Amino acid sequence: MPELPEVETIRQTLIQLVIGKTIESVDVYWPKIIQEPDDVKQFITFLQKQTIHDIRRKGKFLLFDLDKHVLVSHLRMEGKYGVYDYKEEVVPHTHVIFHFTDGTDLRYQDVRKFGTMHLQEKGTETTKKPLVLLAKDPLEADFSLQDFKEKIQKSERNIKNILLDQSVVAGLGNIYVDETLFLARIHPLTKGISVTDEQVIQIKQAAVITLQDAVQQGGTTIRSYVNSQGQIGMFQQQLNVYAQNDKPCSNCEDTIMKIKVNGRGTHYCPTCQPI
DNA sequence: CACCCTACCTGGGCGC
DNA sequence: TGCGCCCAGGTAGGGT
């Protein structure tokens, strides 16, 4: 489910709800979500008495800054966070509960159980999995256009696939890659090696505009996404191609197509994005 | 080394 | 109704 705009919206809403709170205890109902440390008991023990000082985002990851550790959390397709009174009923698909000393809970819910959590010593998180190979996202000030260009132009893969690769550019997923390529007027099957310097700049600018607008709208809700206050996003009203197949293009009125690219549904306008 | 495909899960929608 | 497919905001990791 969540790409950069949804994760950023979750971060902004969650920060209002949990900063300064101290973890009393932790319950884990689906241990596979906990990737590090190996032993879930260690995970639980380490977290006790630690306070949440900040929540950062790197690409699609949320980073909870604690006293001694950083909790690196990825929501994958359907992960969500919500804050509840400890007495409230635990809804289905709740897999991890962080109980705070003030009687509230931070609860992680994930229908498909794909999400991951890594608890790592403060300061080590960018040197090891899963963050070590993560590229910058296009909204970061130190995003390197040169590095981006080299990674695209040395690849024989198609541009759709390249842009989904989080070691090339962070934060884009299936919705925002399709939207970015539409704005940049580039066909999703274009080989990286044949993307021009000018097109690389267009892709970067299109990604910035798309991601900024989507953050502004609180993300995109297609099926199930809500932020940490239970609110849906609004960017689905502004989608040009994603889930718009068989509808007229907003630019030229031609019919939006849907194809499969490396197993992912891919949407584009055949007139605006010629091969 | 680069890249593709499958597995990981559950639930909704559709055709029969 | 019910069953069996296909599909879904993602990404490790195994195989080619």
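The values are calculated or read from the model by the stated rules, or taken from the named source; none is laboratory data. Predicted, not measured: the structure shown is a model, and the values here were computed from it. Cβ sites come from the backbone with ideal geometry, for glycine too, and all protein chains shown count toward neighbours.
Quick notes on this one:
- Breaking point among (1) surrounded by fewer than 21 Cβ atoms within 10 Å (Cβ to Cβ); (2) farther than 28 Å from A:Thr13 by Cα; (3) at pLDDT 95 or above, for A:Glu253: (3)
- From the list A:Gln199, A:Gln229, A:Gln217, the lone residue that is outside the structural domain of A:Ile15 (by the TED database) and without any contact (Cβ under 8 Å) to a residue 24 or more places away in the chain is A:Gln199.
- Within region A:70-103, tally of residues that are touching a residue at least 40 places away in the same chain (Cβ under 8 Å) and either under 19 Å from A:Pro37 (Cα atoms) or more than 16 Å from DNA strand C (Cβ to nearest atom) (or both): 16
- Qualifying residues in region A:57-69 (those that are more than 16 Å from DNA strand C (Cβ to nearest atom) and of a type outside the set (D, E, K, R)) - the one farthest from A:Phe46 (Cα to Cα): A:Phe64
- Among residues of region A:95-117, those that are in a strand (DSSP E or B), closer than 19 Å to A:Tyr225 by Cβ and not hydrophobic (A, V, I, L, M, F, W, C), counted: 6
- Tally, over region A:137-158, of residues that are within 16 Å of DNA strand C (Cβ to nearest atom), acidic (Asp, Glu) and either crowded, with 17+ Cβ neighbours inside 10 Å or not in a loop (DSSP other than H, G, I, E, B) (or both): 1
- Identity of the residue in region A:213-224, farther than 14 Å from A:Gln12 by Cβ and not aliphatic (A, V, I, L, M), that ends up surrounded by the fewest Cβ atoms within 10 Å (Cβ to Cβ): A:Arg223
- Subset of region A:71-94 (residues that are within 18 Å of the chain's Cα centre (by Cα) and either closer than 21 Å to A:Thr45 by Cβ or in a strand (DSSP E or B) (or both)): A:Leu71, A:Val72, A:Ser73, A:His74, A:Gly79, A:Lys80, A:Tyr81, A:Gly82
- Residue match in region A:37-56 (condition: in contact with a strand residue (DSSP E or B) (Cβ under 7 Å, 6 or more places away or on another chain), within 12 Å of DNA strand C (Cβ to nearest atom) and over 12 Å from A:Leu106 (Cβ atoms)): no
- Hey, A:Asn174 within 15 Å of the chain's Cα centre (by Cα), more than 16 Å from A:Leu139 (Cα to Cα) and more than 10 Å from DNA strand C (Cβ to nearest atom) or not: no
- Residue check: A:Ala170 meets all listed conditions (1) in contact (Cβ under 8 Å) with a residue 60 or more places away in the chain; (2) within 16 Å of DNA strand B (Cβ to nearest atom); (3) aliphatic (A, V, I, L, M) but one, namely (2).
- Considering A:Lys258, A:Lys247, A:Lys204, the condition of being farther than 21 Å from A:Pro2 by Cβ, touching a strand residue (DSSP E or B) at 6+ places or on another chain (Cβ under 6 Å) and either outside the structural domain of A:Tyr84 (by the TED database) or in contact (Cβ under 8 Å) with a residue 40 or more places away in the chain (or both) is satisfied by A:Lys258 alone.
- Any chance A:Ile193 is farther than 30 Å from A:Ile23 by Cα and away from DNA strand B (no atom under 16 Å from the Cβ): no
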